[in-house]
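K.L.:
Handing you a structure now.
The values are calculated or read from the model by the stated rules, or taken from the named source; none is laboratory data. All of these numbers come straight from a predicted model, not from anything done at the bench. Every residue, glycine as well, gets a Cβ built from its backbone with ideal geometry; the counts of neighbours run over all protein chains shown. Accessible surface is based on the protein model in full, side chains and every heavy atom, while ligands, DNA and RNA are left aside. Shrake-Rupley method; radii C 1.70, N 1.55, O 1.52, S 1.80 Å.
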Amino acid sequence: MSPDVIVVGAGAIGTSIAYRLAKAGVKVMLFERGRVGGGATGASAGMIQINPDRNTPSSLSTLEAESARLFPALATELLDRTDDEEPRLRAHRAWQVEHGVAVAWVDHSAALDLEPMLNPDIRGALYYPDNQQLMPRDLARALSRAAVDLGAVLREGAAIDRLLTDGDRVIGVAIGSEAVHAGDVVIANGAWASAWSDALHAPIPVRPVRGQMVALQSTGTALRNVVSSLEGYILAKPDGSTYVGTTVEEAGYDARPTAAGIAGLLATVPRLTPRLAEATFVSAWAGLRPATSDGLPLLGRLPGWHGVTIAAGHFRDGILLAPITGELIADLLVRRGPRLSLDAFDPARFLVRAA
């Protein structure tokens with residue numbers, strides 16, 4: 001099959017794009033150098049959490065809110081087819097309420113009623129009734145299966161060596177001696193998207209930021225809610241484990257969990273949820289989140305080229321923004337005008353700055 005569109009990368013973003021394109025009747029081929037959801041997607045906690053602050057650009061807040069709104073319908077589709085914080089928290093809530101976020105301030109008693117596992121010394125907390133979570137790798141797998149059911153081709157273990165070009169047009173990809181041609185190529189391989197900068201003679205300023213996570217096992221009652229503070233967060237997962245996250249480290253492409261990172265995460269457990277202090281350590285891992293200098297993803301066509309689109313740089317919002325990214329990029333490629341403006345996320349903004 002000669003596809004209409006090639007999608008490079010099968011994390012939450014790439015699989016969402018592939019699913020939306022396949023649903024629109026586009027012939028898609030999805031390439032992943034490892035396994036579906038095996039990169040930053042699989043290393044994430046899978047939280048669908050809208051938590052903007054006064055420094056969050058309104059364009060990103062709008063994108064997050066709309067993507068969160070799409071999750072229930074997407075889940076149905078896929079299933080049919082898986083101390084010094086108090087003043088800061090109060091000020092944070094006031095700003096969020098003013099900007100339409102559903103969040104309540106709960107006092108000591110109400111917080112413990114909502115989450116009995118909390119530290120009994122807690123004075124108060126913010127409660128987000130609309131926040132959800134999922135198993136991130138399962139999301140990517142479900143999206144890829146749905147795309148394949150609709151006619152897409154998935155190729156795992158296929159590391160692309162180079163992009164094929166003809167003048168100012170990208171016409172496909174190459175894996176060793178094999179060439180696969182397509183009308184459009186979507187670069188959605190997260191922290192590795194910048195690897196194509198030299199070949200395309202254009203800045204794709206996405207860098208890796210390491211995030212470490214720890215899994216615990218407890219024989220006691222599981223957490224009812226995600227518990228989050230300035231130190232980190234703790235949440236129970238459907239498989240019975242408890243995740244503790246996360247670090248934010250500029251460590252290049254070093255995806256190793258470290259002793260210092262693990263120790264810092266474990267230290268948050270007894271402070272936030274004392275009853276989990278006796279939980280058993282199970283494992284630790286790290287993922288490389290794709291970050292940009294301005295905190296906004298790159299969504300759109302690469303300036304100076306035809307046939308290539310970027311969908312990368314989602315940093316810690318890859319899971320949250322997967323549904324809306326899939327929809328908007330698919331609309332762009334099938335020549336339907338995206339219903340939300342992509343101007344703030346245009347890859348050309350970095351070309352202008354470089355000039």
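K.L.:
Before we move on, is Val97 at pLDDT below 95, out of contact with any His (no Cβ under 8 Å at 6 or more places or on another chain) and assigned to a strand (DSSP E or B)?
P.N.:
Spelling it out, it is not the case that Val97 is at pLDDT below 95, out of contact with any His (no Cβ under 8 Å at 6 or more places or on another chain) and assigned to a strand (DSSP E or B).
K.L.:
Can you name every residue in the range 329-355 that is under 23 Å from Ala191 (Cβ atoms), loosely packed, with under 14 Cβ neighbours inside 10 Å and among the basic types (Lys, Arg)?
P.N.:
If the condition is that a residue be under 23 Å from Ala191 (Cβ atoms), loosely packed, with under 14 Cβ neighbours inside 10 Å and among the basic types (Lys, Arg), then Arg353 is the only one that fits.
K.L.:
A follow-up question, please. Looking at this structure, is Thr165 of a type in the set (Ser, Thr, Tyr), at pLDDT 95 or above and over 18 Å from Gly287 (Cβ atoms)?
P.N.:
So Thr165 passes the test.
K.L.:
Please work out which residue is surrounded by the fewest Cβ atoms within 10 Å (Cβ to Cβ), limiting yourself to the range 108-157 and to residues that are within 17 Å of Leu272 (Cβ to Cβ) and in contact with a Ser or Thr (Cβ under 8 Å, 6 or more places away or on another chain).
P.N.:
Pro116
K.L.:
To continue, here is another question. Is there a residue being at pLDDT below 95, outside any loop (DSSP other than H, G, I, E, B) and not charged (D, E, K, R) anywhere in the range 255-263?
P.N.:
For the range 255-263, residues at pLDDT below 95, outside any loop (DSSP other than H, G, I, E, B) and not charged (D, E, K, R): absent.
K.L.:
Against the definition (under 17 Å from Leu328 (Cβ atoms), in contact with a helix residue (DSSP H, G or I) (Cβ under 8 Å, 6 or more places away or on another chain) and part of a helix (DSSP H, G or I)), how does Ala73 come out, yes or no?
P.N.:
For Ala73, the condition - under 17 Å from Leu328 (Cβ atoms), in contact with a helix residue (DSSP H, G or I) (Cβ under 8 Å, 6 or more places away or on another chain) and part of a helix (DSSP H, G or I) - is not met.
K.L.:
Here's another thing I want to ask about it. When you look at Trp95, is it in contact with an Asp or Glu (Cβ under 9 Å, 6 or more places away or on another chain) and either loosely packed, with under 14 Cβ neighbours inside 10 Å or among the aromatic types (Phe, Trp, Tyr) (or both), yes or no?
P.N.:
So Trp95 fits the description; yes.
K.L.:
Between Leu266, Leu298, which is surrounded by fewer than 21 Cβ atoms within 10 Å (Cβ to Cβ) and out of contact with any Leu (no Cβ under 6 Å at 6 or more places or on another chain)?
P.N.:
Leu266
K.L.:
Check whether at least one residue in the range 239-252 is under 24 Å from Asp130 (Cβ atoms) and assigned to a loop (DSSP other than H, G, I, E, B), and report yes or no.
P.N.:
Yes: the range 239-252 contains one or more residues that are under 24 Å from Asp130 (Cβ atoms) and assigned to a loop (DSSP other than H, G, I, E, B).
K.L.:
Let me ask something else about it. Among the residues of the range 309-328, which ones are part of a strand (DSSP E or B) and buried (at least 24 other Cβ atoms within 10 Å of the Cβ)?
P.N.:
Ile310, Ala311, Ala312
K.L.:
Further, regarding this structure: When you check Val36 against the structure, is it among the hydrophobic types (A, V, I, L, M, F, W, C), within 17 Å of Ile160 (Cα to Cα) and in contact with a Leu (Cβ under 6 Å, 6 or more places away or on another chain), yes or no?
P.N.:
When the stated conditions are applied, Val36 does not pass them.
K.L.:
Let me ask something else about it. Does any residue in the range 278-291 that is within 26 Å of Ala312 (Cβ to Cβ) come within less than 6 Å, Cβ to Cβ, of a residue that is open to solvent by 40 Å² or more (accessible area, probe 1.4 Å) and assigned to a strand (DSSP E or B) six or more places away or on a different chain, and which pairs are these?
P.N.:
Partner pairs satisfying both residue conditions: Ala291/Arg207.
K.L.:
Just for the range 224-242: of the residues that are in contact with a helix residue (DSSP H, G or I) (Cβ under 8 Å, 6 or more places away or on another chain) and open to solvent by less than 40 Å² (accessible area, probe 1.4 Å), which one is modelled with the lowest pLDDT?
P.N.:
The selected residue is Ser229.
K.L.:
Restricting attention to the range 323-334, does a residue exist that is over 26 Å from Ala75 (Cβ atoms) and over 17 Å from the mean Cα position of the chain (by Cα)?
P.N.:
no
K.L.:
Give the number of residues within the range 1-38 that are part of a helix (DSSP H, G or I), surrounded by fewer than 24 Cβ atoms within 10 Å (Cβ to Cβ) and modelled with pLDDT of 95 or more.
P.N.:
0
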